[in-house]
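One structure is given here, and the rest of the page talks about it.
The values are calculated or read from the model by the stated rules, or taken from the named source; none is laboratory data. In this text the structure is predicted, and so the values were computed from the model without any measurement. Cβ coordinates were reconstructed from backbone atoms using ideal geometry, including for glycine residues, and neighbour counts include every protein chain displayed. Side chains included, ligands, DNA and RNA excluded: accessible areas come from the protein's heavy atoms. Shrake-Rupley method; radii C 1.70, N 1.55, O 1.52, S 1.80 Å.
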Amino acid sequence: MLTRRSALALSFAALIVPAKAEAQKIPVVASFSIIGDLARNVGGDRVSVTTIVGPDGDAHVYQPSPADGRRIAQARLIFVNGLGFEGWLDRLMRAAKSKGEVFTLGNGIAARKEEEGQDPHAWQDVANAKVYVEAIREALTAADPEGAQTYKANADAYLAKLDALDAEILQTIAALPKERRRVVSTHDAFGYFSARYGVEFI
């Protein structure tokens, strides 16, 4: 027979178990939402991912908050794009006195040159996004060897989706007459997409 005391004990245990499971996850911080999405897909249930700049933010001009400092300070792994994209990151890391390991994903690709240096928007070529995914898999595996099989399976599944996406983009653009493969944009951020898929951005 379930007594009132037993029922309370079971309810309390139900609250504690999810909190404990969450605490056991690897705390990961991503500098912005796209990298956060990649990290979640590879890490799955073994990681807890937070992002500094959300999907509606602009990483170029972002001003970090005290809450961002706390996230960085608590992170074990920090995934960033690099290539000059997160100009505020070094200040945030110093202010937070972070001891987390930083992985600069853009270092794994051949960066395009532009007037002001390197073009940081490398993920817009799906082949580069795959390089990011592979780097995230390796970093998570090194930090959590017990999860190696999980990270490999998750990464393999996501890489297959990226292959399908790349093929879909190529097929869709190939169906357009070359003279119509033009896009007008307010921000010169699509050089990698243009080079890979043959679309002119104006």
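Quick notes on this one:
- Members of segment 144-202 that are within 23 Å of the chain's Cα centre (by Cα) and hydroxyl-bearing (Ser, Thr, Tyr): THR150, TYR151, TYR158, TYR192, SER194, TYR197
- All positions within segment 84-117 that are of a type outside the set (D, E, K, R), surrounded by 14 or more Cβ atoms within 10 Å (Cβ to Cβ) and not in a helix (DSSP H, G or I): GLY84, PHE85, TRP88, SER98, GLY100, VAL102, PHE103, THR104, ILE109, ALA111
- All positions within segment 53-83 that are open to solvent by less than 50 Å² (accessible area, probe 1.4 Å) and of a type outside the set (A, V, I, L, M): GLY54, GLY57, PRO64, SER65, ASP68, GLY69, PHE79, ASN81, GLY82
- Selection count where residues are under 20 Å from ILE109 (Cβ atoms), among the aliphatic types (A, V, I, L, M) and modelled with pLDDT under 95, scope segment 149-198: 2
- Test for GLU168: is it open to solvent by 50 Å² or more (accessible area, probe 1.4 Å), among the acidic types (Asp, Glu) and over 17 Å from ALA39 (Cβ atoms): yes
- Residues that are surrounded by fewer than 18 Cβ atoms within 10 Å (Cβ to Cβ) and touching a residue at least 12 places away in the same chain (Cβ under 8 Å) within segment 118-142 comprise GLN118, ALA127, GLU134, listed in sequence order.
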